[in-house]
Amino acid sequence: MDLLPIILVIAFFQTVVIRQPLPQLTEMLIGAVMVVIGLALFIEGLEMALFPIGENMAQALSRKGSVVWLTIFAFALGFSTTIAEPALIAISKEAALIAVSSGLLEDTPERIGSYAMGLRLTVAVSVGIAILLGVYRILLNWPIHYLIMSGYFLVMLITFFAPKEIIGIAYDAGGVTTSTITVPLVTALGVGLATVIRGTNPLLDGFGLIAFASLLPMIFVMIYGITVFGTG
């Protein structure tokens, strides 16, 4: 059911607009079946493992009353899930290759690998700090809208100084990081934390961590671009 709208859109444009048969139809059908099986297994795995892990860890650390360990766990969770994001790995490599084709980087494997890894680490650190900030927001009951508005004001401010070659990548970095691995664990962390802490509402306070995880990578990647390429 989730894939049906995509299939209908592709079929409509292929038959009505392009008016050509689908190329490599057999391979596409096999791939579609593999996607269905993969999505089914992935969703089942989220419900069986990732969501319970995030909630249980947050609740256990909260009951221990150790803010230090809770903050270390929040940062480590954000960093480790982001550095493993397949989408971020792919985008980092593509960004490095485009930078080479634009003459911004030397066409050497070392320089390409260094730039791509630097981009990945920058985004991972930013998400770790974002989750850390989100946890403190829940603990101290900070209003989320003021933090988000301040963050986007900072994004617009840094945009004026960032090199134009990095702005598009930075703006896409927030969406890239909040993907298949990061979102389930981070959401479970926030809900589990808000469930245990007195005076918090899991519906109101448990969500919002993903907003920080989408916001801070924009700022950090533009700063990374300023460091590598200079100001725009």
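The values are calculated or read from the model by the stated rules, or taken from the named source; none is laboratory data. What you see is a predicted model; the values in this text were computed from it and never measured. Please note: Cβ atoms are built from the backbone with ideal geometry, for glycine as well, and neighbour counts cover all protein chains shown. Just so you know, the surface numbers come from the protein's heavy atoms only, side chains and all, with ligands and any DNA or RNA stripped out. Shrake-Rupley method; radii C 1.70, N 1.55, O 1.52, S 1.80 Å.
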Item to check | Over segment 1-153, relative contact order from alpha-carbon pairs under 8 Å, at least 6 apart, % | outcome: 20 percent
Item to check | Net charge dipole size for segment 97-178 [Lys, Arg +1 and Asp, Glu -1 on Cβ; Debye, nearest 20] | outcome: 320 debye
Checklist entry - If the viscosity is 1.306 mPa s and the temperature 10 °C, what translational diffusion coefficient in µm²/s does Stokes-Einstein give for segment 144-228 when Rh comes from Kirkwood over Cα pairs? => result 114 µm²/s
Item to check | In Å², nearest 10: area of Ser102 left accessible to a 1.4 Å probe | outcome: 80 Å²
Checklist entry - Toward the positive end of the charge dipole of segment 1-89, about the Cα centre and with charges on Cβ (Lys, Arg +1; Asp, Glu -1), which of Gln24, Ala49, Gln59 goes farthest? => result Gln59
Item to check | By accessible area with a 1.4 Å probe, ligands and nucleic acids excluded, highest first: order of Thr187, Thr177 | outcome: Thr187, Thr177
Checklist outcome for this item: For segment 35-160, the Cα gyration tensor yields equivalent-ellipsoid semi-axes (√(5λ), largest first, whole Å) of 32, 23, 14
Checklist entry - With Cβ to Cβ distances under 13 Å as the rule, what net charge do the other residues near Gly103 carry (K, R +1; D, E -1)? => result -2
Checklist entry - What is the gain in length, in nm to one decimal, between Ile89 and Leu121 on full extension, counting 0.36 nm per residue of separation less the C-alpha to C-alpha distance? => result 10.5 nm
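Give, rounded to the nearest 20 debye, the magnitude of the charge dipole that the chain has about its Cα centre when Lys and Arg contribute +1 at Cβ and Asp and Glu contribute -1 at Cβ.
Around 540 debye, computed over the chain.
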Checklist entry - If we restrict to alpha carbons, what Rg and Dmax does segment 2-59 come to, in Å? => result 17.6, 56
Next on the checklist: With a 1.4 Å probe and all protein chains left in place, how much accessible area per residue does segment 90-232 have, in Å²?
Outcome noted: 47 Å²
Next on the checklist: Among Met149, Phe229, Ile219, whose Cα projects farthest towards the positive end of the dipole of the chain, with charges put on the beta-carbon of Lys, Arg (+1) and Asp, Glu (-1)?
Outcome noted: Met149
Checklist outcome for this item: Taking only Cα atoms of segment 23-84, the Rg to Rh ratio with Kirkwood Rh works out at 1.27
Item to check | FRET efficiency estimate (nearest 0.05) - Cβ-Cβ, Asn141 to Ala49, R0 30 angstrom | outcome: 0.50
Checklist entry - Of Leu4, Val36, Leu203, whose Cα points farthest to the positive end of the dipole of the chain (charges on the beta-carbon: +1 Lys, Arg; -1 Asp, Glu; origin at the Cα centre)? => result Leu203
Item to check | Where only C-alpha atoms are counted, convex hull volume of the chain per residue in Å³ | outcome: 169 Å³
Checklist outcome for this item: The percentage of the accessible area of the chain (probe 1.4 Å, all protein chains present) made up of carbon and sulfur atoms, to the nearest whole number, is 72 percent
Next on the checklist: At 222 nm, what value in deg cm²/dmol follows for the chain if DSSP H runs of at least 4 each add -39500 (n - 2.57) and the sum is divided by all its residues, to the nearest 500?
Outcome noted: -25500 deg cm²/dmol
Item to check | Cα Rg, Dmax, segment 118-194, angstrom units | outcome: 13.9, 40
Checklist entry - Which value, in Å², gives the accessible area per residue of segment 1-78 when a 1.4 Å probe is used on the protein heavy atoms? => result 76 Å²
Checklist entry - In debye, nearest 20: dipole of segment 3-116 around its Cα centre with unit charges on the Cβ of K, R (+) and D, E (-)? => result 240 debye
